[in-house]
1. Scanning the stretch 1-36 for residues that are assigned to a loop (DSSP other than H, G, I, E, B) and touching a Leu at 6+ places or on another chain (Cβ under 8 Å), which turns out surrounded by the fewest Cβ atoms within 10 Å (Cβ to Cβ)?
2. Considering only residues that are more than 17 Å from residue 165 (Cα to Cα), touching a Ser or Thr at 6+ places or on another chain (Cβ under 8 Å) and not charged (D, E, K, R), which ones fall in the stretch 193-210?
3. Please verify whether residue 179 is open to solvent by less than 70 Å² (accessible area, probe 1.4 Å) and touching a residue at least 40 places away in the same chain (Cβ under 8 Å), treating the condition exactly as stated.
4. So is residue 176 at pLDDT 95 or above, under 19 Å from residue 31 (Cβ atoms) and not aliphatic (A, V, I, L, M) or not?
5. So, in the stretch 37-69, exactly how many residues are in contact (Cβ under 8 Å) with a residue 40 or more places away in the chain, assigned to a strand (DSSP E or B) and open to solvent by 20 Å² or more (accessible area, probe 1.4 Å)?
Amino acid sequence: MIRKLQNISALTQSEIAILEGIPLLKRDYQANQDIVREGDRPTHSFVVLKGLVGSTKLTGEGKRQITSFFVPGDLPDLHGIHLSVLDCTFSSLTRASLGFMRHDAMQALCDQHASIATVFWRSTLIDAAIYREWVTNLGRRDAYAGMAHILCELIVRLHSMGLIEDHVAELPITQTALADALGLSTVHVNRVLQELRRDGLIITEGSRFHAIDWPGLVRAGDFDATYLHQRTAKTL
C-alpha cells in the first residue's frame, strides 16, 4: 500500500511511519469469491496484498460487468469510509490476499493528519480517472484496441509495484473476466487475443504474458498512461 501511494504522491518519512502503523486484518480468498457485495454496509476498507480484484455490477438479467481491475497495493473501496452503502461488488478474480482496515481508525487517522487524508483522496481520484478511461474503452474503442489498452494498463500498474520485468508478467486472469471487463463474449476475447499474437504484439503461455512489442501494443490500444498519474509510468 505504501509503495502504491508513493507512486502517486511524495510521502515524508513521518507519513510512511503513520501508514505503517495502520492495523491490518489479513484474509485470503480463492478466485471468484465475493469480498463485499453491493448493498453491504461494511465497517472496513481493504488493500490488495496479492492477486487481482475486480469491482463488478450485475444487470437485472444477471450479466456481469467488471468496472475496474485492482492490483497489489491498491485500495479499492476507500470511498466506503464516507458512503454507508456499497454500490458495487468487489470480487477476487484470482487467488488473493487482502488487508482490512477499520473505517473508524482510518477516519480518525485522516482527521488527525490532513496530509494522509489528501493522499487517500488522490488515490480515489485516480480510481475515478481509470473509470473514465474504461468508459471510453467500452464506448469508443473497438475490441482490438480495448484489449490492447487494458493489457497496457495492467502492465504499467504492475510495473509500478515491481511485479513485472521486461514487459513479462504472470496474469492468471481468465478470458471470462476479460470479456466481462470489455463487454465482449469469451469467443470474441479469444479471437482478439489470437489477433494480437498474430500481429506480433504479445505472447501468452498459460498465465504468463509477454508484451514483445510494447510500442506496438501502446499504439494498438491508443494508450497514454497520463490518466494513471504515476510517477514511474514513463520509465517503462
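The values are calculated or read from the model by the stated rules, or taken from the named source; none is laboratory data. No experiment lies behind these values; they were computed from the predicted model shown. Please note: Cβ atoms are built from the backbone with ideal geometry, for glycine as well, and neighbour counts cover all protein chains shown. Ligands, DNA and RNA are stripped out before the accessible areas are found, and what is left, the full protein with its side chains, is counted by its heavy atoms. Shrake-Rupley method; radii C 1.70, N 1.55, O 1.52, S 1.80 Å.
1. In this case the residue turns out to be 32.
2. The answer is 193, and nothing else.
3. No.
4. Answer is yes for this residue.
5. Total meeting the criteria: 6.
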